[in-house]
Amino acid sequence: KVNNTIIINNNITQSARYGLYLITSGNNNLTNNQINTTASSGYGIYLDTSSNSNNITNNTITTSGSSGYGISLSASSNSALQSNTITTTGSSGYGIYLSASSNSTLQSNTITTNGTSGYGIWFAPGSSNNFTNNKINASGVNADGVYIYSSSNNNIINLNNITFSGRE
């Protein structure tokens with residue numbers, strides 16, 4: 001558990017599963033970090049279980065395992081993800097993955113996913129999230145720029161630049 005902490009200007013290269021992993025942690029600033037994970041199911045930044053009200057800004061994240069998650073919020077809400085550059089490669093790539101997370105802002109992120117299944121932003125369930133001015137390039141047989149799954153209501157998706165290739 002980490003609260004009210006600044007995690008800034010780190011260079012993290014891992015063959016382990018997580019670059020930065022926070023659980024039940026709130027009001028933190030994760031800024032200007034360079035994160036590279038190469039593990040299977042690797043996560044650049046993972047906020048888990050009530051890790052609320054965090055600011056994730058200006059990070060550069062690269063994942064290259066078989067399944068890669070740039071930034072993942074699981075049961076964590078009220079966060080701001082802004083101006084991050086995320087690149088995922090592998091059979092499944094998720095630029096930003098929100099699960100059971102609400103009231104967050106994703107703004108001005110640049111996301112590139114490559115793999116059989118590449119998703120720029122994937123979320124469900126979740127409500128009242130705001131996705132604005134993101135640049136997303138997803139490629140793969142099952143590629144989607146933004147993938148919205150069940151029980152996702154009252155979200156705003158506005159002024160995003162989305163390109164994808166591979167899905168017919």
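The values are calculated or read from the model by the stated rules, or taken from the named source; none is laboratory data. Everything numeric here is computed off the predicted structure, so don't read it as measured data. Neighbour counts are summed over all protein chains in view; Cβ atoms, including those assigned to glycine, are modelled from backbone coordinates with ideal geometry. In case anyone asks, the SASA skips ligands and DNA or RNA and just uses the protein heavy atoms, side chains included. Shrake-Rupley method; radii C 1.70, N 1.55, O 1.52, S 1.80 Å.
Summary table
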| quantity | calculated |
| --- | --- |
| Sole exception among (1) at pLDDT 95 or above; (2) open to solvent by 20 Å² or more (accessible area, probe 1.4 Å) for residue 134, by number | (2) |
| Count - residues of the stretch 58-83 that are surrounded by fewer than 18 Cβ atoms within 10 Å (Cβ to Cβ) and closer than 17 Å to residue 136 by Cα | 3 |
| Criterion violated by residue 22 - all others in (1) more than 17 Å from residue 129 (Cα to Cα); (2) at pLDDT 95 or above; (3) open to solvent by 30 Å² or more (accessible area, probe 1.4 Å) satisfied | (3) |
| Qualifying residue in the stretch 150-162 (condition: buried (at least 22 other Cβ atoms within 10 Å of the Cβ), in contact (Cβ under 8 Å) with a residue 12 or more places away in the chain and more than 19 Å from residue 55 (Cα to Cα)) | no |
| Tabulated pairs, the stretch 87-99, first in contact (Cβ under 8 Å) with a residue 60 or more places away in the chain, second open to solvent by 10 Å² or more (accessible area, probe 1.4 Å) and aromatic (Phe, Trp, Tyr), C-beta under 9 angstrom, 6+ apart or interchain | none |
| Residues (over 13 Å from residue 129 (Cα atoms), open to solvent by 50 Å² or more (accessible area, probe 1.4 Å) and of a type outside the set (Val, Ile, Thr)) located in the stretch 84-110 | 91 |
